[in-house]
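Structure record follows, encoded as structure tokens.
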Amino acid sequence: MHEGATEAQIQNVLDRLIAAGFNVHRSTGESHTVLGAVGVHRDFDHRDFELLDGVREVMRITQPFKLASRQFKPEGTIVDVGRGVRIGGNEVIVAAGPCSVESREQIFAVAESVAKSGAKILRAGAFKPRTSPYAFQGLGEKGLQLMREAADKFNLCTVSEVMDPSQIAMMSGYVDMFQVGARNMQNYHLLRALGEIRKPVLLKRGMSATMEELLLSAEYILAGGNFSVVLCERGIRTFETYTRNTFDIAAIPVIQKLSHLPIMADPSHATGRRDKVAPMARAAVAAGADGLLIEVHNDPDHALSDGAQSLEPAQFAQLMAELRIIAPAIGRRIS
Ligand code: PEP
Ligand code: MN
């Protein structure tokens, strides 16, 4: 719509798109409104709509992902997680914490140290998608309770993985952001359920998913009306075996060009090795990541999951100090 199009003009276009059988998503930017009409209509003539009052331009989004595309929302999305934490703006947001909640002592110790170092979000899993059914599966709701208490004490938001739609209602009481893990990126039933809620979702790239597939998975959530989606590059599987995964840093600028959604980077799962986490975190911030997801443990050698890739609190503090020097070089800041 034109800058300054009236509400009546916008409503008229909306009504006509709906009458033509489209699902319409409205995005109100700083200067103008974009109406995204999604549907399959072979005989649709977009010139009919160009003639309506207040319409500036009608264009077809040729990419398979529509609502996730930057064409739909050129100015970029900022996802509000709560407590003043906003992902996608000038500030690079760091989420840190253990792979899994293990005990009260552990989660409180880690929460205190990461908060002191400048993390804004406490990450920890309570439902763990472990490759082996015999590995530690997480503490479940009890873990979420402990995590919430620790986060509240140190003024942090929380993000934790959801594996099944049936967990969403219970988890809503404890988490500020739902994480969809790499193994569930194409669990479309789960994605649709997360489209129905109005809480932020951190969608991790599947280990063999293309960027287009990641954006199409995001599209499932957006199509339900939940626009608070943050993507996450966490490494992909290649022929290389030295690192756990291959960190696809190029995905950061590529996705920022294709989509308005913020993108975070997870150098912990991307490398699988503690000594490689800081260099890759620094590279991700330099490449323009909107945030980082980093595993930190107070006693990594005895961690119940992902100890080898977890930073010790002092290493995390040191990394944050380095990131505070790197971020301003590209016009960003980090607290
Ligand atoms: C995690 O964040 O602990 C996790 C299981 O990550 P991913 O889904 O990327 O493997
Ligand atoms: Mn992990």
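The values are calculated or read from the model by the stated rules, or taken from the named source; none is laboratory data. The shown structure was predicted, so the numbers you read here are calculated from the model rather than taken from an experiment. When we count neighbours, we look across all protein chains shown, and the Cβ atoms used for this are built from the backbone with ideal geometry, even at glycine. Calculation scope for accessible area: heavy atoms of the full protein, side chains included, ligands and nucleic acids excluded. Shrake-Rupley method; radii C 1.70, N 1.55, O 1.52, S 1.80 Å.
In table form, for the structure just shown:
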{"item": "Hits in the range 86-124 - residues which are open to solvent by less than 10 Å² (accessible area, probe 1.4 Å), touching a helix residue (DSSP H, G or I) at 6+ places or on another chain (Cβ under 8 Å) and not hydrophobic (A, V, I, L, M, F, W, C)", "result": "Gly97, Pro98, Ser100"}
{"item": "Those residues of the range 72-109 which are without any contact (Cβ under 8 Å) to a residue 60 or more places away in the chain and among the basic types (Lys, Arg), in sequence order", "result": "Arg86, Arg104"}
{"item": "Only one of Glu240, Glu233 that is surrounded by fewer than 17 Cβ atoms within 10 Å (Cβ to Cβ), under 28 Å from Ser208 (Cα atoms), assigned by TED's automatic domain parsing to the domain that holds Gly138 and not aromatic (Phe, Trp, Tyr)", "result": "Glu240"}
{"item": "Matching residues in the range 205-223 - criterion: being outside any helix (DSSP H, G or I) and more than 16 Å from ligand 2 (Cβ to nearest atom)", "result": "Ser208, Ala209, Thr210"}
{"item": "Residue tally, condition basic (Lys, Arg) and on the phi > 0 side of the Ramachandran plot, over the range 51-92", "result": "1"}
{"item": "Some residue of the range 245-255 being within 16 Å of ligand 2 (Cβ to nearest atom) and either surrounded by 20 or more Cβ atoms within 10 Å (Cβ to Cβ) or not β-branched (Val, Ile, Thr) (or both)", "result": "yes"}
{"item": "The listed residue being hydroxyl-bearing (Ser, Thr, Tyr), under 17 Å from the mean Cα position of the chain (by Cα) and either more than 14 Å from ligand 2 (Cβ to nearest atom) or surrounded by 24 or more Cβ atoms within 10 Å (Cβ to Cβ) (or both), out of Ser166, Ser172", "result": "Ser172"}
{"item": "Selection count where residues are more than 17 Å from Ala251 (Cβ to Cβ) and either more than 16 Å from ligand 1 (Cβ to nearest atom) or at pLDDT below 95 (or both), scope the range 283-314", "result": "7"}
{"item": "Residue that is surrounded by the most Cβ atoms within 10 Å (Cβ to Cβ), among those in the range 305-317 that are assigned to a helix (DSSP H, G or I) and within 16 Å of ligand 2 (Cβ to nearest atom)", "result": "Phe316"}
{"item": "Of residues in the range 48-83 being under 21 Å from Glu3 (Cα atoms) and of a type in the set (Lys, Arg), the one modelled with the lowest pLDDT", "result": "Arg60"}
{"item": "Some residue of the range 208-226 being surrounded by fewer than 17 Cβ atoms within 10 Å (Cβ to Cβ), touching a residue at least 24 places away in the same chain (Cβ under 8 Å) and over 25 Å from Lys257 (Cα atoms)", "result": "no"}
{"item": "Which numbered condition Val85 fails, given (1) within 16 Å of ligand 2 (Cβ to nearest atom); (2) closer than 22 Å to Arg333 by Cα", "result": "(1)"}
{"item": "One residue from Phe154, Phe227, Phe239 being out of contact with any helix residue (DSSP H, G or I) (no Cβ under 9 Å at 6 or more places or on another chain) and away from ligand 1 (no atom under 12 Å from the Cβ)", "result": "Phe239"}
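Every residue, every condition in (1) closer than 18 Å to Ala68 by Cβ; (2) in contact (Cβ under 8 Å) with a residue 12 or more places away in the chain, yes or no:
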| residue | (1), (2) |
| --- | --- |
| Tyr242 | no, no |
| Lys257 | yes, yes |
| Arg273 | no, yes |
| Lys276 | no, yes |
| Val296 | no, yes |
| Pro300 | no, yes |
